[in-house]
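Chemist: Before I ask anything, here is the structure I am working with.
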Amino acid sequence: MSRVDHLVISVPDIDTAAQEWDEVGLPSSPGGTHPGGTVNVLIRGSQHAYVELIAAPEGADNIWSERVRNTLGPLSWAICVPDIEAACQAATEAGFEPGDIRDGARTTESGEELSWRMVDLGEQPFDAKLPFLIEWIKPMSDGPAHGPVLIGMCVEVEHPSELEKLLDALDFDDKDVTVALAEGDRGLVSATFRTQEPVAEVAELNGLTVNLH
């Protein structure tokens, strides 16, 4: 069974973006640095799904840095799977073309070493049209008990039925995050949070429409 893992939002400056999200009632948790220099902070609470704000500072050079640097705003979203090889096989049988499985890692500000395996289903890293898959090897510890909780998202794709086919193949079933599919070409367009102290009901943050409850 698979579920939403996280949404990826590219920002020009990580500190500025974190402050803007905090100002509407969505405080960030410390992230860390990936090999190659991309950095992130996380909008997360006690449940599994979260939003990743990611930036590629000057000098960052890894497989994601060019895409992060040149395409600001919502990039893609990740589906967590228990067995990435089996998920790739299921996606292939459903007519999709997974790329190569890659190892990923980062070190948190507290020194915690995280690691995962991931694979792109689209034509490029952090593809807007298709989610990527992630299998956690050394997952994060729990987020803040009273942090903002991601409870919904909307994705625009040209052929929603094709994405539904993929989700079915991956045995997707997320009881905590509602995934709405709409016809269009913008990719990830909105996210909905449950939060302790929302300052606004709706906000536009880094190209993403954010609803707060």
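Rule-based calculations on the coordinates, nothing more; no lab input. On a predicted model such as this, the values are computed, not experimentally measured, just so you know. We place every Cβ from the backbone using ideal geometry, glycine too, and count neighbours over all the protein chains shown.
Chemist: Anyone know which of 104, 184, 45 comes out most mobile in the 10 Å Cα GNM of the chain?
Modeler: Looking only at 104, 184, 45, the biggest GNM fluctuation is shown by 184.
Chemist: Please find, in a Gaussian network model of the chain (springs between Cα atoms separated by less than 10 Å), the residue of 75, 188, 163 whose mean-square fluctuation is greatest.
Modeler: Greatest mean-square fluctuation among the candidates belongs to 163.
Chemist: Shifting gears a bit: Report the charge-dipole magnitude of the chain in Debye, nearest 20, computed about the Cα centre from +1 at each Lys and Arg Cβ and -1 at each Asp and Glu Cβ. Don't skip to the answer; put the middle values down first.
Modeler: Details: 13 positive and 38 negative charges, 57 e Å.
Using Cβ point charges on Lys, Arg, Asp and Glu, the chain gives about 280 debye.
Chemist: Using a 10 angstrom Cβ neighbour count of at most 13 plus a DSSP loop assignment to flag exposed GluC sites (Glu not before Pro), which longest range of the chain is free of such sites?
Modeler: On the way: sites that count: 58, 109, 112, 123, 158, 201.
It runs 1-57.
Chemist: What is the gain in length, in nm to one decimal, between residue 66 and residue 110 on full extension, counting 0.36 nm per residue of separation less the C-alpha to C-alpha distance?
Modeler: Values: separation 44, 0.36 × 44 = 15.84 nm, distance 2.71 nm.
Extra length available between residue 66 and residue 110 comes to 13.1 nm.
Chemist: If the elastic network links every pair of Cα atoms under 10 Å, which of 145, 18, 91 fluctuates the most in the Gaussian network model of the chain?
Modeler: Among 145, 18, 91, the largest mean-square fluctuation in the Gaussian network model of the chain belongs to 145.
Chemist: What's the longest bit of the chain with no exposed trypsin sites (Lys or Arg not before Pro), using DSSP loop states and at most 15 other Cβ atoms within 10 Å as the test? Let's see the in-between values first.
Modeler: Numbers: sites that count: 175, 186.
Maximal segment without exposed cleavage sites: 1-174.
Chemist: Hey, another quick one. Write down the percent of antiparallel bridges among all DSSP beta bridges whose residues are both part of region 3-212, to the nearest 5. Can you show the working numbers first?
Modeler: Values: 41 of 59 bridges.
Percentage antiparallel, nearest 5: 70.
Chemist: Cross-link partners among lysines for residue 129, C-alpha distance below 24 Å, same-chain residues fewer than 8 apart left out?
Modeler: Straight-distance partners of residue 129: 165, 175.
Chemist: Another question, then. By count of other Cβ within 10 Å, fewest leading, how are 173, 5 ordered? Intermediate values should be presented prior to the final figure.
Modeler: On the way: 173 9, 5 26.
Listed from fewest to most nearby Cβ atoms, that is 173, 5.
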